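Participant: A single structure is presented below for examination.
Readers should treat all values here as calculations from the given coordinates under stated rules, not as data from a laboratory. Please read all numbers here as calculations on a predicted model, not as lab measurements. Positions of Cβ are generated from backbone atoms using ideal geometry, with glycine treated the same way; all protein chains shown enter the neighbour counts.
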Amino acid sequence: MRWASCARAAAALLAVVASAAHAQLAGHGGPVRALAVSPDGDSLLSGSFDTSAIRWSLKIDAADEVLRYHSDAVNAVAFLKGGRMITAGADARIAVWTAGRQQPDRVMEGHTGPVVALAVAPDGSKLASAAWDHSVRLWSLADGASRALEGHGQNVNGVAFAPDGKSLVSVGYDLALRIWRLPEGRSEAVALPVPLNAVAIAPDGEIVAAGADGKLRMLTEDGTLVGEVAASPAPIVALALSDDGALIAAAGIGGTVAIVERKSRSVLRTLVGPGFPVWSVIFLHDAATLVTGGADGKIRRWNVQSGEPVGSNLFGTTADPLAAYAGDHGADVFRACVACHTLSAREAQRAGPTLAGLFGRKIASLPGYRFSEALKTMDIVWTPETVAKLFELGPNAYTPGTKMPEQRIGSAEDRRALTDFLARATSQ
């Protein structure tokens, strides 16, 4: 069983929902590490530390499907032509998906460390991946064949194709930006003064690199430094360019996103969220809306011109799923978990498994959900007593090897209220 942050985190999360957390996509049970928008602009793909990816409909504000394959965090996602999708994880695997299928069409292996960034070639024929095994890999999307591009001395954090597809740029912790000339794969290194966390390339070929010092550095196609912008007082960890290349969004661990006008090298405005680190950012194709993924597991939409959040309701939640339990203390304890877990098998599955029929079920036995391997060997049957023990001791102690965030409920009264509520709500 995978639980989202529960119990004591509920008050903090509810405060976020009630204040700055407008226009959110709710569904992930961990930080949202990656975002991508489909070529037709109808879908958003998100990847999370909770090991899942979710494809969202931007037309009806709902999750279309949850993709589960990876055994560790999903760090990078991308769309291909024809609606196909790619996910890459800390498990060093890259999966290619067709919408509507429960398993990947292909799994590509070759990296020996977490894959943290992806880029699709302009013609859609190739994929580039950056990983913490100090390498970049170039993949054929026709047959999955790959070759390693080696030269970085430390973890590689970002990768991007030039608009003509004839070169590839990567950045890493080793203070190096490398320009790879294709198809040969020879590289030229550009030394910069700080570790680099992300890279993007504008339609005119200008390279934008994000530094751990909060600065953006702009370089020509041949690597000549031509400008820089102090975008954040904290390290920048994610970058996005508007489709026309006019605007840059630079997201940082300080919880803000700077909107930068690229040509003038000026910060137009800064978007301020609830204070959690922002791990991912992307413009919608209209360039008027920015989407961010945060460490609190929420996905937010922002008006680029005003800097204000868009909307006021939880994206993907048409009604309060706990409305029928108003005044129930156990439901209040459970509320922070509802973003990832349904109480009924009739509801669309979220990032975590449904809790329908929970009591009496062996741990990690629900069909159709990809559980951590460590849970599958445990001899635990979920009962009010075992669920209470889980939150008394904490997941790390009670279910070692789980990827569930560490969370304990210190109050025996709260634990009893939670298990009484689950007994009623999950047996229907």
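Participant: Evaluate the distance, in nm, between pseudo-label points positioned 7 Å from the Cα of Met378 and of Asn396 along their respective Cα→Cβ axes.
Facilitator: Result for the modelled spin labels: 1.5 nm.
Participant: What range in the chain is the longest one free of GluC sites (Glu not before Pro) that are in a loop by DSSP and have at most 15 other Cβ atoms within 10 angstrom?
Facilitator: Values: sites that count: Glu184, Glu347, Glu406.
Result for the longest clean stretch: 1-183.
Participant: Compute the helix-to-body angle for 384-393: its Cα long axis versus the longest principal axis of the chain, expressed 0 to 90° and rounded to tens.
Facilitator: Approximately 50 degrees, to the nearest 10.
Participant: In deg cm²/dmol, rounded to 500, what helix-only [θ] at 222 nm does the chain give when every DSSP H run of at least 4 residues adds -39500 (n - 2.57) and the total is split over its residues?
Facilitator: Details: 6 runs with 48 residues, N = 428.
About -3000 deg cm²/dmol.
Participant: Which whole-number percent gives the relative contact order of the chain, counting Cα pairs below 8 Å spaced six or more residues apart?
Facilitator: Numbers: 1155 pairs, mean separation 66.1, N = 428.
Once divided by the residue count of the chain, the mean separation gives 15 percent.
Participant: Highest GNM mean-square fluctuation, the chain, Cα pairs closer than 10 Å: which of Asp213, Asp332, Asp40?
Facilitator: Maximum among the listed residues: Asp40.
Participant: Can you pick out the pairs among Lys81/Lys376; Lys59/Lys298; Lys59/Lys263; Lys215/Lys298 whose Cα atoms lie more than 29 Å from each other?
Facilitator: Lys81/Lys376; Lys59/Lys263
Participant: Something else about it: Considering only C-alpha atoms, what is the centroid distance from segment 30-108 to segment 177-234, in Å?
Facilitator: Distance between centres, Cα-based: 27 Å.
Participant: Relative contact order (percent) for segment 186-249, with alpha-carbon contacts under 8 angstrom and 6 or more residues of separation? Please list the in-between numbers first.
Facilitator: Working: 122 pairs, mean separation 18.1, N = 64.
About 28 percent, as a whole number.
Participant: Okay, moving on. May I ask you to derive the FRET efficiency for Ser264 and Asp143 from their Cβ-Cβ distance with R0 = 51 Å, giving the value to the nearest 0.05?
Facilitator: Values: r = 45 Å, r/R0 = 0.87.
So, using R0 = 51 Å, E works out to roughly 0.70.
Participant: Using just the alpha carbons, could you tell me how many Å³ per residue the convex hull of segment 32-173 encloses?
Facilitator: Numbers: hull volume 14.0 nm³, N = 142.
Value for segment 32-173: 99 Å³ per residue.
Participant: To the nearest 10 degrees, how steep is helix 9-18 against the longest Cα principal axis of the chain, on a 0 to 90 scale?
Facilitator: Approximately 60 degrees, to the nearest ten.
Participant: Rounded to the nearest 0.05, what FRET efficiency do Ala230 and Asp204 give with R0 = 25 Å and r taken as the Cβ-Cβ distance? Could you check?
Facilitator: The value I calculate is 0.65.
Participant: Within 13 Å, Cβ to Cβ, of Val194, how many net charges do the neighbouring residues add up to if Lys/Arg are +1 and Asp/Glu are -1? Please list the in-between numbers first.
Facilitator: Values: positive: Lys215, Arg217; negative: Asp174, Asp213, Glu228.
Computed value for this residue: -1.
Participant: Could you give the length gained on full extension between Thr220 and Glu109, defined as 0.36 nm per residue of separation minus the Cα-Cα distance, in nm?
Facilitator: On the way: separation 111, 0.36 × 111 = 39.96 nm, distance 3.29 nm.
Gain in length upon complete extension: 36.7 nm.
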